[in-house]
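Below is one structure, written out as structure tokens, with a few remarks after it.
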Amino acid sequence: MQETSKTESSDEFIGADDYALERVPSGKREHWLKVAVQRFGQLSALSQFLLGAALGFGMTFWDSMLAIFLGTVILEVVAIMTGILGQREGLSTSMLARWTGFGRYGSSLISLVISLSLIGWFGVQSGVAADGLASFVPGVPTWVWAILMGLGVTAIVLYGFESMAWTAYITIPAFLGLAGWSIISELQKHDIGELVTQPAPGPVLTLAAGTTLVAGGFIVGMVITPDMTRFNRSAADVVKQTVVSVTIGEIGVALAGVLLAHALKTNDIINIVTSTSGFIGAIIIVAGTIKMNGWNLYGASLGIVSFMSTVFGKNVSRAKVTILIGLAGSLLAAAGILDYFIQFLTLLGVTFPPIAGIMVAEYYIVRTWRTLLSESAPRLPDQEPGWVIGTLIVWLIAVVIGATLPIGIPSLNSLLASIVLYVLAGKLGLIRALQVIPVENKQN
């Protein structure tokens, strides 16, 4: 029986596997502040400025604030519930999904969907950075900057959690300090009272649409929270880091974007950064991209490793996967994925909440495989469900409800629908595995 804790000799010189297919041992858990720094680094990013600018361009200040608040509440609830799952079981989202409703093959589908979306986010962030850097050094094409930024982040992620943590200690203070200085410098030129009372400078966004953009803007990060919280020591640590980092990151950074959009009458984040910061804007862009894009690539690599193990029965090196998908994301940035940012967020805002809803409903309420999962620690369970068709049907229906229901907030609609439908299906005995499969990947 093959052991995932061992790496093939040909891969030993490359990066870190970071327990991609096994539980994180208790001795490898970290202080909550170390994890919180990285969580905050995910949220205090250029994409949050981009989100805030999109809201501010299409909404009044107070409507934007309400959309940010509602979206943040959705994100925090999802993050805490899924995060505690990851902390308790020590497993990544892709592995955890096997015993929280989706089964072996459904979880492989989830892994692939999550990974593709994170590769898309990687491309978006690299595209933002490339546009900004090209404005400072016009002699270098945007696509070249996109590839250089993408490959630079890939080199950091290659060495896993520890490498990313030390990078965050450097880039987060740099980003926050310089971005804060540029924002304050620009806003001092305007009457804040006028900014918070003026109408939206662009085409109007509804409250429901704005809230869905906020939720969609980081819902993938919330769904893959176990990838990070599996390194936490307690459920209380998960709650603390989530409340602190998500509240400050979501509300603080997005609020700045809203005010700058009203002040400069644009939702072009690169124009905002370059017009308020000059050359320092280049440093802001680089720091913001590195600290955020690392987790996009890291989560995508874990998902692909799980997918390859499940579908093809092959335990591939997380580091090698990181190199390949880092290149793919860089090429997406070079091809201009940033142009489809709003459509991308809207799709994520209804597709991903049901994944978290199903995992939470299974683990805390229906509990079909809860005992099997929890009592096997610190090893993996001996068995896992194969196909769970009822779960996939619930996921599909919840996505359709979120996308088509004419009332309410689409992301919240899809989240609540998934929980209610899964619990009902569980009580009716419709959540059953078509087959039970022995687990081949075991820890020492």
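Does Ser182 count as under 30 Å from Asp18 (Cα atoms) and either surrounded by fewer than 24 Cβ atoms within 10 Å (Cβ to Cβ) or under 16 Å from the mean Cα position of the chain (by Cα) (or both)? For Ser182, the condition - under 30 Å from Asp18 (Cα atoms) and either surrounded by fewer than 24 Cβ atoms within 10 Å (Cβ to Cβ) or under 16 Å from the mean Cα position of the chain (by Cα) (or both) - is not met. When the range 229-251 is filtered for residues that are under 16 Å from the mean Cα position of the chain (by Cα), more than 12 Å from Leu85 (Cα to Cα) and crowded, with 22+ Cβ neighbours inside 10 Å, the ones remaining, listed by number, are Gln241, Thr242, Ser245, Val246, Glu250.
Checking each residue of the range 69-80 against the condition of being crowded, with 24+ Cβ neighbours inside 10 Å and not in a helix (DSSP H, G or I) gives no match. Restricting attention to the range 126-135, does a residue exist that is exposed (fewer than 14 other Cβ atoms within 10 Å of the Cβ), out of contact with any Phe, Trp or Tyr (no Cβ under 8 Å at 6 or more places or on another chain) and not aliphatic (A, V, I, L, M)? No: the range 126-135 contains no residue that is exposed (fewer than 14 other Cβ atoms within 10 Å of the Cβ), out of contact with any Phe, Trp or Tyr (no Cβ under 8 Å at 6 or more places or on another chain) and not aliphatic (A, V, I, L, M). When residues in the range 81-104 are screened for being more than 19 Å from Ala36 (Cβ to Cβ) and either open to solvent by 10 Å² or more (accessible area, probe 1.4 Å) or in a helix (DSSP H, G or I) (or both), 9 of them pass.
Residues are listed down the side, and each one gets a yes or a no for (1) closer than 18 Å to Thr346 by Cα; (2) modelled with pLDDT of 90 or more:
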| site | (1), (2) |
| --- | --- |
| Leu50 | yes, no |
| Thr60 | no, yes |
| Ser64 | yes, yes |
| Val73 | yes, no |
| Ile84 | no, yes |
| Leu96 | no, yes |
| Trp99 | no, yes |
| Ile110 | no, no |
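Yes/no per residue for (1) open to solvent by less than 40 Å² (accessible area, probe 1.4 Å); (2) modelled with pLDDT under 85; (3) not aromatic (Phe, Trp, Tyr):
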{"residue": "Leu148", "(1), (2), (3)": "no, no, yes"}
{"residue": "Glu162", "(1), (2), (3)": "no, yes, yes"}
{"residue": "Ala168", "(1), (2), (3)": "yes, yes, yes"}
{"residue": "Leu176", "(1), (2), (3)": "no, yes, yes"}
{"residue": "Ile192", "(1), (2), (3)": "no, no, yes"}
{"residue": "Thr211", "(1), (2), (3)": "yes, no, yes"}
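Only helices (runs of 4 or more DSSP H) wholly contained in the range 337-444 count here; list those with 3 or more residues that are over 21 Å from the mean Cα position of the chain (by Cα), at pLDDT 95 or above and not small (Gly, Ala, Ser).
On the way: elements: 341-351, 353-361, 370-374, 389-404, 410-427.
In the range 337-444, 389-404, 410-427 are the helices (runs of 4 or more DSSP H) which contain 3 or more residues that are over 21 Å from the mean Cα position of the chain (by Cα), at pLDDT 95 or above and not small (Gly, Ala, Ser).
Going through (1) open to solvent by less than 30 Å² (accessible area, probe 1.4 Å); (2) in contact (Cβ under 8 Å) with a residue 40 or more places away in the chain one by one, Leu207 falls short only on (1). Inspection of the range 429-443 finds no residue satisfying the criterion of being without any contact (Cβ under 8 Å) to a residue 40 or more places away in the chain, out of contact with any Leu (no Cβ under 7 Å at 6 or more places or on another chain), surrounded by 16 or more Cβ atoms within 10 Å (Cβ to Cβ) and not hydroxyl-bearing (Ser, Thr, Tyr).
The values are calculated or read from the model by the stated rules, or taken from the named source; none is laboratory data. Predicted, not measured: the structure shown is a model, and the values here were computed from it. Quick reminder, even Gly has a Cβ in these numbers, built from the backbone with ideal geometry, and neighbours come from all protein chains shown. SASA here: full protein model, heavy atoms, side chains in, ligands and nucleic acids out. Shrake-Rupley method; radii C 1.70, N 1.55, O 1.52, S 1.80 Å.
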